[in-house]
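A.B. asks: I have a structure here, written as structure tokens, and I will follow up with some questions on it.
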Amino acid sequence: MNGYLPDWIGPSAKLISQFPMQRELKIGSTWTPVERRANHSVMTYEIRVMCDEHYYGSGCANLCRPRDDNFGHYTCSPSGNVKCLEGWKGDYCTKREY
């Protein structure tokens, strides 16, 4: 690390601005525009927060991994709730529906 720049950037790069950021962002596919101004520069960019695969909800704290085995028979709703496959019921879809 040379100063604030990682080595992979290269020796000719110069840090012109540094912007710490703290804000709450909604999770989803929508991009949020951000503009940061300094003495002699403006940086405009867009950011978004998306959950890793199988994580849902506020803060990506709800884990739902679809399964179809002895431990459950379900898929996950867009909000991360368990959705039983046809013919199954119960909290984790482990009981046959007759």
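None of the figures in this text is laboratory data; all of them are computed from the coordinates on show. No experiment lies behind these values; they were computed from the predicted model shown. Glycine gets a Cβ as well: all are built from the backbone with ideal geometry, and neighbour counts include every protein chain shown.
A.B. asks: Whole-Hz ³J(HN,Hα) for each residue in the range 38-50, computed from phi via Karplus 6.51 cos²θ - 1.76 cosθ + 1.60 with θ = phi - 60°, x for glycine and proline: what do you get?
C.D. replies: Rounded to whole hertz, the list is 10, 3, 10, 8, 10, 10, 10, 7, 10, 9, 8, 10, 10.
A.B. asks: Which net charge results when you count Lys and Arg as +1 and Asp and Glu as -1 among the other residues whose beta-carbon is under 14 Å from that of Pro33?
C.D. replies: Local net charge: +3.
A.B. asks: In what sequence, highest mean first, do 7-14, 47-54 appear when ranked by Cβ atoms within 10 angstrom?
C.D. replies: Numbers: 7-14: 8.1, 47-54: 11.4.
Result, highest mean Cβ count within 10 Å first: 47-54, 7-14.
A.B. asks: Let me ask another. Report the full-extension gain for the segment Lys83 to Glu35: residue separation times 0.36 nm, less the Cα-Cα distance, to one decimal in nm.
C.D. replies: Extra length available between Lys83 and Glu35 comes to 13.2 nm.
A.B. asks: So, R0 is 22 Å and r is the distance between the beta-carbons of Leu25 and Thr75; what FRET efficiency does that work out to, to 0.05?
C.D. replies: Calculated value: 0.20.
A.B. asks: Rounded, prolate or oblate: which fits the chain, taking a ≥ b ≥ c as square roots of the Cα gyration tensor eigenvalues, rounded meaning a/c under 1.5, else prolate when a/b beats b/c?
C.D. replies: It is prolate, given that a/c is not under 1.5 and a/b is the larger ratio.
A.B. asks: If you take the beta carbon distance between Tyr55 and Ser12 as r and set R0 to 30 Å, what does 1/(1 + (r/R0)^6) give as a FRET efficiency, to the nearest 0.05?
C.D. replies: Here the calculated transfer efficiency is 0.15.
A.B. asks: Assuming 0.36 nm per residue, please report the length gained on full extension of the stretch Met43 to Asn62 beyond their Cα-Cα distance.
C.D. replies: Residue separation times 0.36 nm, minus the Cα-Cα distance, leaves 3.4 nm.
A.B. asks: Given Cα pairs under 8 Å that are at least 6 residues apart, what percent is the relative contact order of the chain?
C.D. replies: On the way: 127 pairs, mean separation 14.2, N = 98.
Relative contact order here is 15 percent.
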